[in-house]
Amino acid sequence: MANGFPIDGQLIERLNEGALGALEDDYASLGRQLARRGIDVETIRSRVAAFSVAVPSWGTGRGGTRFARFPLAGEPTGILEKLEDCAVVQQLCRITPRVSPHFPWDKVSDYAGLREVAASLGLGFDAVNSNTFQDQPGQKHSYATGSLTSTDPAVREQAVAHNIECIDIGRALGVRDLTVWIGDGTNFPGQQDLGRSFDRYLDSAAQIYAALPDGWRMLIEHKMFEPAFYSTVIADWGSSILAAQHLGPKARCLVDLGHHAPNVNIEQIVARLHRFGKLGGFHFNDSSYGDDDLDSGSVNPHRLFLVFNELLEAERNPRDGFDPAYMIDQSHNVTDPIESLLSSAEAIATAFAKALLVDRDMLKTAQEENDVMAAFQALRTAYRTDVSPILAMARVGAGGAADPIATYRASGWRTAMAARRRPAGSTAGIV
Ligand code: PSV
Ligand code: MN
């Protein structure tokens with residue numbers, strides 16, 4: 001282990017040496033191209049080097065659908081092994097220094113100890129995610145017909161207590177955000193009173209909110225459907241912002257890119273939430289149909305770019321502040337999760353870097369003058385620029401790999417883990 005990271009540092013150095021000549025050439029050429037547009041490549045590189053996105057602990061295992069899960073030999077079976085895989089991702093790409101844990105999936109008896117293990121692997125923690133969308137063995141009350149919005153006060157009490165426990169765990173892990181997604185809703189018209197369900201949500205959420213320490217945020221994650229297919233209590237950004245405004249300044253909205261109706265303009269939602277000081281964070285992923293949980297930027301990298309374009313607008317006009325939590329939330333059903341996380345982190349940073357290249361003065365002028373094509377070209381010119389040499393130089397400069405996926409494959413990590421780790425089960429996974 002070099003620097004506490006799992007992969008042999010000399011392998012990374014050796015492979016980087018082989019790639020450096022071509023990389024420096026491409027970087028110099030891109031630098032000249034950008035200089036002609038009045039952009040300093042080094043400034044962009046330092047912004048990219050300072051960028052980070054959290055990886056989900058649950059994303060290190062093979063995901064699944066409601067139909068099946070196909071386990072991968074050597075995938076992690078517990079939080080310690082998940083952290084090892086997250087450390088591999090961070091070692092190679094250097095923009096994923098934090099892990100977002102999910103409870104009770106990642107439950108241990110000693111959280112101070114867990115934080116130390118993570119630190120020894122070069123990792124910290126990000127937002128804690130609560131789970132009242134499943135029943136756990138030995139749980140007193142079932143969430144079958146709801147959790148924070150249940151008609152049964154004892155169920156609501158249990159769900160609130162779990163969220164407060166997550167806050168306590170988060171404190172021990174050095175975290176400052178609690179992400180709350182509930183699956184509560186109905187499958188039949190008439191099954192529940194749509195108004196009173198929301199009232200019960202607000203009441204339960206207020207109890208969680210009251211337990212937030214200073215400096216903490218409660219990130220409310222909405223999702224249009226699934227597991228409730230007729231009505232979902234927190235179905236959209238409207239319900240989310242209403243709840244966040246009702247609760248107070250520590251409550252913010254979290255946008256999971258897969259949680260909207262097809263063709264919804266997500267970048268506009270980003271702008272709206274920021275306008276009212278309620279933009280809390282993101283779960284990045286991609287989709288064709290709904291909550292597909294595909295790899296970030298794999299289907300529609302342009303949408304990711306447009307989201308980052310709004311984020312950079314928000315950063316330039318912070319109003320009451322700009323500090324969204326960036327996380328990945330995907331289900332890796334057919335790939336090695338480490339490779340998917342590497343590819344996704346790269347896609348997210350690429351969207352960020354391209355958005356940095358937008359000529360904002362040209363864009364503003366074109367918008368003011370209603371010069372539609374000039375405004376569009378301000379975005380298009382940035383989007384079609386190949387920023388990969390900037391990302392690679394930032395990565396290598398931070399000690400990462402010039403080509404993360406090739407280096408990962410050369411390391412033989414998964415084969416070694418297949419020999420060392422116990423096999424994971426094949427029960428149907430989370431979507
Ligand atoms: C729900 O679909 C979700 O996006 C929430 O973030 C959950 O915590 C996560 O997925 C579970 O995989
Ligand atoms: Mn999510």
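The values are calculated or read from the model by the stated rules, or taken from the named source; none is laboratory data. What you see is a predicted model; the values in this text were computed from it and never measured. Neighbour counts are summed over all protein chains in view; Cβ atoms, including those assigned to glycine, are modelled from backbone coordinates with ideal geometry.
Brief remarks on what is shown
- Scope segment 318-331; condition touching an Asp or Glu at 6+ places or on another chain (Cβ under 8 Å), within 14 Å of ligand 2 (Cβ to nearest atom) and not charged (D, E, K, R); matching residues: A325, M327, Q330, S331
- Leading residue by the ranking (farthest from ligand 1 (Cβ to nearest atom)) among those in segment 221-241 that are of a type outside the set (D, E, K, R) and out of contact with any Phe, Trp or Tyr (no Cβ under 8 Å at 6 or more places or on another chain): G238
- Check on V128, within 26 Å of A424 (Cα to Cα) and touching a Gly at 6+ places or on another chain (Cβ under 8 Å): yes
- Residue that is nearest to R200 (Cα to Cα) [pool: residues in segment 148-185 that are small (G, A, S) and either within 16 Å of ligand 2 (Cβ to nearest atom) or in contact with a strand residue (DSSP E or B) (Cβ under 9 Å, 6 or more places away or on another chain) (or both)]: G185
- Selected residue (criterion: nearest to H302 (Cα to Cα)) from residues of segment 249-279 that are away from ligand 1 (no atom under 16 Å from the Cβ) and among the basic types (K, R): R272
- Subset of segment 323-347 (residues that are within 16 Å of ligand 1 (Cβ to nearest atom) and outside any strand (DSSP E or B)): P324, D329, Q330, S331, N333, P337, S340, L341, S344
- Yes/no for D135 being assigned to a loop (DSSP other than H, G, I, E, B) and surrounded by fewer than 24 Cβ atoms within 10 Å (Cβ to Cβ): yes
- Selection within segment 130-145 - in contact with a helix residue (DSSP H, G or I) (Cβ under 9 Å, 6 or more places away or on another chain) and in contact (Cβ under 8 Å) with a residue 60 or more places away in the chain: none
- Members of segment 367-387 found to be surrounded by 19 or more Cβ atoms within 10 Å (Cβ to Cβ) and in a helix (DSSP H, G or I), listed by number: A378, L379, A382
- Residue in segment 47-59 that is more than 16 Å from ligand 1 (Cβ to nearest atom), at pLDDT 95 or above and loosely packed, with under 14 Cβ neighbours inside 10 Å present: yes
- Residue check, R252 among the charged types (D, E, K, R), buried (at least 18 other Cβ atoms within 10 Å of the Cβ) and either away from ligand 2 (no atom under 16 Å from the Cβ) or under 24 Å from G170 (Cα atoms) (or both): yes
- Any hit, segment 335-352, residues being over 23 Å from V180 (Cβ atoms), touching a helix residue (DSSP H, G or I) at 6+ places or on another chain (Cβ under 6 Å) and of a type in the set (F, W, Y): yes
- Cβ pairs under 6 Å, 6+ apart, first in segment 275-292 and within 12 Å of ligand 2 (Cβ to nearest atom), second of a type in the set (V, I, T): F282/V255; F284/I328; F284/I348
- Cβ-Cβ contacts under 7 Å between residues 6 or more apart (or on different chains), taken from a first residue in segment 77-106 that is over 16 Å from S120 (Cα atoms) to a second residue that is among the acidic types (D, E), are listed as C93/E346; S100/D126.
- Every residue from segment 306-316 that is more than 16 Å from ligand 2 (Cβ to nearest atom) and either small (G, A, S) or touching a helix residue (DSSP H, G or I) at 6+ places or on another chain (Cβ under 8 Å) (or both): L306, F308, N309, E310, L311, L312, E313, A314, R316
- When each of I405, I390 is tested for being β-branched (V, I, T), at pLDDT 95 or above and either within 16 Å of A87 (Cα to Cα) or outside any helix (DSSP H, G or I) (or both), the lone residue that passes is I405.
- Test for I266: is it within 15 Å of ligand 2 (Cβ to nearest atom) and more than 15 Å from the chain's Cα centre (by Cα): yes
- Taking residues in segment 241-261 that are at positive phi, and partners anywhere that are in a helix (DSSP H, G or I) and away from ligand 1 (no atom under 16 Å from the Cβ), the pairs with Cβ atoms closer than 8 Å and at least 6 places apart or on different chains are G248/Y209.
- When each of F308, F282 is tested for being away from ligand 1 (no atom under 16 Å from the Cβ), within 14 Å of the chain's Cα centre (by Cα) and outside any loop (DSSP other than H, G, I, E, B), the lone residue that passes is F308.
- Subset of segment 207-235 (residues that are away from ligand 2 (no atom under 14 Å from the Cβ), under 18 Å from G277 (Cα atoms), crowded, with 17+ Cβ neighbours inside 10 Å and not hydrophobic (A, V, I, L, M, F, W, C)): Y209, R217
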